[in-house]
Amino acid sequence: MAAGDITPEMSDRAIVRRSDRHQVVIIGSGFGGLFGTKALRKADVDVTMIAKTTHHLFQPLLYQVATGILSEGEIAPPTREVLANQENAQVLLGEVTTVDLENRLITSHVLGRELVTPYDSLIVAAGAGQSYFGNDHFAEFAPGMKSIDDALELRGRIFGAFEMAELGASRGENVDHLLTFVVVGAGPTGVEMAGQIAELAHRTLTRDFRAITTRKARVILVDAAPQVLPPFGAKLGKWTQEKLEKLGVEVMLGALVSQVDERGLVVKYKDGTEKRIDAVAKVWAAGVQANALGKQLSAQTGAPLDRAGRIAVNPDLTLPGYPEVFVVGDMISLDNLPGVAQVAIQGAKYAAKEIDGRLKGKPAQSPFKYFDKGSMAIISRFRAVAMVGRLRLTGVIAWLMWLVVHLFYITGFKNQFTAVLHWLISFIGTGRSERTSTEQQIFARVALQRLARGATDLVSQPGEFDDAERRRAELEAQAAEEARLSDENKRGVKV
Ligand SMILES: Cc1cc2nc3c(=O)[nH]c(=O)nc-3n(C[C@H](O)[C@H](O)[C@H](O)COP(=O)(O)OP(=O)(O)OC[C@H]3O[C@@H](n4cnc5c(N)ncnc54)[C@H](O)[C@@H]3O)c2cc1C
C-alpha cells in the first residue's frame, strides 16, 4: 500500500485528497499550528489544519480571562476567520486520536464522527496539558489554566467564592474558607494569577459587597520549590516575591501539595510537617505534561520521551526514520528548549520552510536554532519582571514592555483594539469588564466527565437519525393499517 492510500474498509470515513498537490496536515491550532499554516500560504501545497478547538488560543493571557479583564473572544479568535484569506488552507474540527506514520494517515474524531486524512508532510503541534504529577483526581477541585474552558471555570469559581462568602456572611456563617484563594505553582502563570486575585480582592471589588470585606481575603501562592519564578533566576525571583507580599499575597515555598478536596488542600514540608489550608477556590498552575500523541509517535519511531512526555526530535525537528514528519512547540525535547510560544512559532516556521524548500528542490536547512527573544511575567498593574539576553528589568519598564509585546502578538486588529480598551478600564480605572459567570461555567466540566463518552453521549450518532426515520415510517404504516381496519369494519372478521 502506498503512503496515504485509503483501503476499502476506510473509504466510508476518509476524505479524499483535496488535489494532486502536496498535502500538508498540521495538528493543532495553537502557536505552532497557526504560524506553521500561515508560513505555508505561498507554498504549492494544500494545508489541512486539524484541531480540537475552533479557535487559536493566546495562552499567555488566559489569566486575564479568568480574572475578568478580557473576554474569551479577545484571546481566542476563530481559526477559520484568521485563515479565511489563505486559500490553500482548510480547517477541520477534530481531536486527533491516531497518527499512522507507516501509512501517512491521521484519524480524528468529533462527537463520535470519525475522519481519516492522508498526508504527504505532517507537522504535529498539539502542545501540552496540565500535569498533576500522578494525582489527576486533584483536577476536580483545582482546575488548571490551559484552555478557555479552564479560564471561564476559574472565573466562575473565583467570583463565585466572593458571592458565596457574601451569602454566608449574611447568614451569620464563618466564610474564611470562601475568602481564601490558593494558587499552586509559583511559575509565571501562578504569579500572574495570585497577583490578579489579590488586585481583585484589595482594589476592584472593595465597594461591591456589603456583608464581607474583600480586603480581608487571603491569597496564598504555594510551591514545592524554594523560590518564586525559578526560570527567571534568584534575583528576579526574590524581587517578585517581595512585590507579591507587598500586594498581600502569602508566599509559601517548599510546600508540596499532598491532598486536595472540595473544601481545601494539605501541604507537606520537607521536614514531614503538614498544614491544611481551608480554601474553596483553588487554581492549579504547577505542572506541564506534553500531549499524549507524543507517546504514539515514540512507540512508532523509538524516539524517547522525557519525564514530561516530550519527544526527542532530530536537530531538524523531524522524527527518526520519518523525514516528512515534524514535531514542534511544547511537545518536543531538544537542547533544553523552554515551553514557550516563540519555540513553537519559530519551530513551525522552520518546518514550513523545509517542506516548501524540498518541493522546490532546495538543499536542507541547517539544524533548527532557537532565537531567544526574552521572557516576561507580570505581577500586578505597573509591575513586571523581564529577561532579555543578559538584561534584567523590573517594575514599570518591564510592565510596559509586557504590554507592547502581548498587544503585538494578539491576533487581529479588532482584538488588539478592544484589549487596549479593557486594559485601560482595569489598569487605570478599577473596573473589570468581563465578570460574567454562570453555574454551568463552574460545573459543566465535571458533569461532562461523568458521562461515559462525554459530550458524544448527548448527540445523535451518524445513522442513528436515519433509524429514527425508519421507525417513524413503520409507526405511520402501522397507524394507517389500524385506521383502515376500523374504517372498513374489518375487525373481528375471520381472515
Ligand atoms: C497559562 C499560560 C501562560 C503562558 N504564558 C506564556 C508567556 O507569557 N510567554 C510564552 O512565551 N509562553 C507562555 N506560555 C506557553 C505557551 O503558550 C506555549 O509554549 C505555546 O502555546 C506552545 O505552542 P504549541 O503550538 O506547542 O501548543 P499550543 O499553543 O498549546 O497548541 C496546541 C494545539 O493543539 C490542539 N490539540 C491538542 N491535542 C490535540 C489533538 N489530539 N487533536 C487535535 N488538536 C489537538 C489544541 O487544541 C491547540 O490548538 C503560557 C502557557 C500557559 C498555559
Cβ pairs under 6 Å, 6+ apart, first in the range 273-295 and assigned by TED's automatic domain parsing to the domain that holds Ile197 and free of Cβ contacts under 8 Å to residues at least 60 places away in the same chain, second charged (D, E, K, R) and more than 10 Å from the ligand (Cβ to nearest atom): Glu274/Lys268
Filtered residue count, the range 127-148, keeping only those that are out of contact with any helix residue (DSSP H, G or I) (no Cβ under 6 Å at 6 or more places or on another chain), among the aliphatic types (A, V, I, L, M) and closer than 19 Å to Ala292 by Cβ: 1
Near pairs, Cβ below 7 angstrom, 6+ apart or cross-chain, from the range 211-226 (farther than 25 Å from Ala169 by Cβ) to any residue that is of a type outside the set (D, E, K, R) and modelled with pLDDT under 95: none
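Scanning the range 317-359 for residues that are on the phi > 0 side of the Ramachandran plot and open to solvent by less than 30 Å² (accessible area, probe 1.4 Å), which turns out nearest to the ligand (Cβ to nearest atom)? Walk me through it before giving the result.
First, pick out the residues of the range 317-359 that are on the phi > 0 side of the Ramachandran plot: 317, 321, 329, 335-336.
Checking which are open to solvent by less than 30 Å² (accessible area, probe 1.4 Å) leaves us with 317, 329.
Details: Leu317: 12, Gly329: 2 Å.
Selected residue: Gly329.
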Subset of the range 124-144 [open to solvent by 20 Å² or more (accessible area, probe 1.4 Å), outside any helix (DSSP H, G or I) and over 25 Å from Ala312 (Cβ atoms)]: Asn135, Phe141
Test result for Arg390, in contact with a Phe, Trp or Tyr (Cβ under 6 Å, 6 or more places away or on another chain) and basic (Lys, Arg): no
Residues satisfying the stated conditions in the range 1-49, i.e. within 16 Å of the ligand (Cβ to nearest atom) and at pLDDT below 95: Ile15
Matching entry among Arg472, Arg435, Arg484 (being surrounded by 10 or more Cβ atoms within 10 Å (Cβ to Cβ) and in contact (Cβ under 8 Å) with a residue 24 or more places away in the chain): Arg435
Residues satisfying the stated conditions in the range 114-123, i.e. in contact with a Ser or Thr (Cβ under 9 Å, 6 or more places away or on another chain) and open to solvent by 20 Å² or more (accessible area, probe 1.4 Å): Glu114, Leu115
Test: residue in the range 166-180 that is closer than 23 Å to Val267 by Cα, touching a residue at least 12 places away in the same chain (Cβ under 8 Å) and not in a loop (DSSP other than H, G, I, E, B): yes
Where a residue in the range 236-256 is farther than 11 Å from Val191 by Cα and its partner, wherever it lies, is assigned to a helix (DSSP H, G or I) and among the small types (Gly, Ala, Ser), with Cβ under 7 Å and at least six apart: Leu247/Gly195; Leu247/Ala198; Gly248/Ala198
All positions within the range 31-85 that are in a helix (DSSP H, G or I), open to solvent by 10 Å² or more (accessible area, probe 1.4 Å) and either over 23 Å from Val283 (Cβ atoms) or out of contact with any helix residue (DSSP H, G or I) (no Cβ under 7 Å at 6 or more places or on another chain) (or both): Phe35, Lys38, Ala39, Gln59, Gly73, Arg80, Glu81, Val82
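May I ask you to list the residues in the range 86-106 that are among the β-branched types (Val, Ile, Thr), open to solvent by 10 Å² or more (accessible area, probe 1.4 Å) and within 26 Å of Leu359 (Cβ to Cβ)?
Correct list: Val91, Val96.
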Answer from Glu81, Glu95, Glu74 - the residue that is at pLDDT below 95 and within 16 Å of the ligand (Cβ to nearest atom): Glu74
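Please go through the range 360-381 and give me each residue that is touching a residue at least 12 places away in the same chain (Cβ under 8 Å) and either surrounded by 18 or more Cβ atoms within 10 Å (Cβ to Cβ) or among the charged types (D, E, K, R) (or both), ordered by number.
Answer for the range 360-381, where residues must be touching a residue at least 12 places away in the same chain (Cβ under 8 Å) and either surrounded by 18 or more Cβ atoms within 10 Å (Cβ to Cβ) or among the charged types (D, E, K, R) (or both): Phe368, Asp372, Lys373, Met376, Ala377, Ile378, Ile379, Ser380, Arg381.
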Residue that is touching a strand residue (DSSP E or B) at 6+ places or on another chain (Cβ under 7 Å) and small (Gly, Ala, Ser), where the choices are Gly185, Gly233: Gly185
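Identify all residues within the range 398-442 that are among the charged types (D, E, K, R) and over 20 Å from Thr79 (Cβ atoms); write none if there are none. Explain how you work it out, then say what you get.
At the first step, the residues of the range 398-442 found to be among the charged types (D, E, K, R) are 414, 432, 434-435, 439.
Within the range 398-442, Arg432, Glu434, Arg435, Glu439 qualify.
Answer yes or no as to whether Ala292 is small (Gly, Ala, Ser) and crowded, with 18+ Cβ neighbours inside 10 Å. Please lay out each step first, then the result.
Details: small (Gly, Ala, Ser): yes; crowded, with 18+ Cβ neighbours inside 10 Å: no.
No.
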Unmet requirement for Leu152, which otherwise passes all of (1) within 26 Å of Ala285 (Cα to Cα); (2) in contact with a helix residue (DSSP H, G or I) (Cβ under 7 Å, 6 or more places away or on another chain); (3) open to solvent by 60 Å² or more (accessible area, probe 1.4 Å): (3)
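The values are calculated or read from the model by the stated rules, or taken from the named source; none is laboratory data. Quantities reported herein were computed from a predicted structural model and do not represent experimental measurements. Glycine gets a Cβ as well: all are built from the backbone with ideal geometry, and neighbour counts include every protein chain shown. Please note that ligands, DNA and RNA were not included when accessible areas were found on the heavy atoms of the full protein model with its side chains. Shrake-Rupley method; radii C 1.70, N 1.55, O 1.52, S 1.80 Å.
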